[in-house]
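This report concerns only the one structure given below.
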Amino acid sequence: MKVTVVGKEYVSGKSKKSGKEFAANVAHVTHKKMGVDGVCVDSIWLDPDQYPLSGIAVGKTYEVDRDSRGFLIDFTLA
């Protein structure tokens, strides 16, 4: 699926549920969706080691691949 990055952020903290520390880069994106007049928005949580914040370009188009369970496989510049 092709998405356009409209924002990005780094988030970190401690899980309320498990108490474990977490860190992620979040890409805020827009994409087309059947039945929607305009575009949809979504947030994609990325591993900061695999996808550094400096490597995510706002305004660029990316290809997103997910497995059959919806887990992210790839997030690459189109």
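The values are calculated or read from the model by the stated rules, or taken from the named source; none is laboratory data. Keep in mind that what you see is a predicted model, and the values were worked out from it rather than measured. Please note: Cβ atoms are built from the backbone with ideal geometry, for glycine as well, and neighbour counts cover all protein chains shown. What goes into the accessible areas is simple: the full protein's heavy atoms, side chains included, and nothing from ligands, DNA or RNA. Shrake-Rupley method; radii C 1.70, N 1.55, O 1.52, S 1.80 Å.
What the table shows:
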read-out: Test: residue in segment 54-70 that is touching a residue at least 60 places away in the same chain (Cβ under 8 Å), hydroxyl-bearing (Ser, Thr, Tyr) and surrounded by 12 or more Cβ atoms within 10 Å (Cβ to Cβ); value: yes
read-out: Whichever residue in segment 21-35 is among the hydrophobic types (A, V, I, L, M, F, W, C) and surrounded by 11 or more Cβ atoms within 10 Å (Cβ to Cβ) and, among such residues, is farthest from residue 3 (Cα to Cα); value: 22
read-out: Checking residue 17 against (1) modelled with pLDDT of 95 or more; (2) loosely packed, with under 13 Cβ neighbours inside 10 Å, the condition it does not meet; value: (1)
read-out: Residue ID - most open to solvent (accessible area, probe 1.4 Å), chosen from residues in segment 36-48 that are more than 15 Å from residue 3 (Cβ to Cβ) and either at pLDDT below 95 or under 12 Å from the mean Cα position of the chain (by Cα) (or both); value: 47
read-out: Tabulated pairs, segment 5-28, first of a type in the set (D, E, K, R), second open to solvent by less than 50 Å² (accessible area, probe 1.4 Å), C-beta under 8 angstrom, 6+ apart or interchain; value: 8/25; 8/26; 8/27; 8/56; 9/25; 9/26; 21/13; 21/15
